[in-house]
1. Treating the beta-carbon of each Lys and Arg as +1 and of each Asp and Glu as -1, no other charges, what is the dipole magnitude of region B:37-142 about its Cα centre, to the nearest 20 debye?
2. So how much accessible surface do B and A hide from each other in total, probe 1.4 Å, in square angstrom to the nearest 100?
3. Give me the residues in region B:121-135 whose solvent-accessible area, probe 1.4 Å, is reduced by at least 30 Å² once all protein chains are included instead of the chain isolated.
4. Can you pull the percent of region B:37-142's accessible area that's carbon plus sulfur, 1.4 Å probe, other chains left in place?
5. A:LEU67 versus B:SER96, label points 7 Å from Cα toward the beta carbon: distance in nm?
Amino acid sequence: MSTAIQAALAGEYAAIYAYGRAGGRLTADQDVALLHLSVHRTVRDTLRQWLLDDDEQPAPPAAAYTLPGPVNSDRQARELLALVELRLIPLYTELIAEQFEEPQRRRRAVREVRDCALRAQSWGAPGQAFPWPTDLAAPSAPS
Amino acid sequence: MIDRRRVLQLGALAALTTTVLPACGTDEQGQPAPQPTPDSQQADELALIAAYDAALLSAGPRATVVYQRLRDEHVEHLVALGWQQPPPAPVDANSSRRVLIRAERRASRIRSDAAATSPDADQAQILALIAASEAQHVVDLEAL
């Protein structure tokens with residue numbers, strides 16, 4: 001069971017939805033958003049193919065998504081996009097571990113960690129020593 | 001496995017190391033403590049810190065703020081990579097924004113390769129996050 005691939009796929013579905021919602025509210029950089037959206041669709045397809053290659057059925061997108069807040073302005077759109085990109089980072093970090101013995105998949109997950117951090121930064125997220133979503137609470141279980 | 005708690009621990013450990021440890025290594029008799037030999041990733045982070053220290057000597061006010069933040073993030077990387085000594089004292093050497101950009105770009109590439117080949121899963125995850133951070137540094141420096 002490729003739990004981390006399914007989780008990353010779910011994250012990509014959410015990101016694609018967010019770009020669809022936020023794109024129309026941007027007053028600049030719509031071309032950047034379209035490019036990023038295209039990248040997320042490509043990654044989604046890659047993850048789906050990995051699951052099929054593993055004889056697993058890719059889960060479908062959620063029927064609905066709850067946004068963390070209103071998206072009525074350029075600023076709110078950028079905040080949403082920065083957030084969804086940052087939230088993908090733990091998913092790909094987990095994928096590195098799950099696909100540790102699969103060199104090409106691991107390398108791809110490493111690249112996605114970097115690319116999500118860069119896209120988050122392009123939407124205004126500050127740089128971090130260890131890029132990570134700051135809104136996620138620390139798990140209560142011991143690490 | 002790495003999670004938010006682990007990421008926070010990495011940052012806290014770095015803060016502790018940089019504020020509590022003495023500025024230079026000495027033993028109880030005041031003799032210089034033997035310095036451990038850094039591995040290649042640690043040596044690379046030490047070189048980046050030295051490059052920022054050199055650049056800070058002649059940086060303007062705006063660049064100083066950015067250089068200092070990025071330099072401090074490299075200290076966090078260094079600690080996360082297992083280095084427990086304070087960084088060496090700054091040396092007067094030539095460095096520039098262009099040199100830093102080139103060094104950060106190279107570092108991010110090296111860290112990504114290491115993450116993809118590390119024999120340890122936790123280390124691979126940390127290296128991937130450091131590679132991402134160093135890629136962000138390139139953007140920060142190019143924006144100056």
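The values are calculated or read from the model by the stated rules, or taken from the named source; none is laboratory data. All values reported here derive from a predicted model rather than from experimental measurement. No Cβ is skipped: glycine too gets one built from the backbone with ideal geometry, and neighbour counts run over all protein chains shown. Side chains included, ligands, DNA and RNA excluded: accessible areas come from the protein's heavy atoms. Shrake-Rupley method; radii C 1.70, N 1.55, O 1.52, S 1.80 Å.
1. Using only the charged Cβ atoms, the result is roughly 460 debye.
2. Counting protein atoms only, the buried area is about 2700 Å².
3. Those are B:ALA121, B:GLN125, B:ALA128, B:LEU129, B:ALA132, B:ALA135, which lose 30 Å² or more relative to the chain on its own.
4. Numbers: 2420 of 4580 Å².
That fraction is 53 percent.
5. Going from the A:LEU67 label point to the B:SER96 one covers 4.6 nm.
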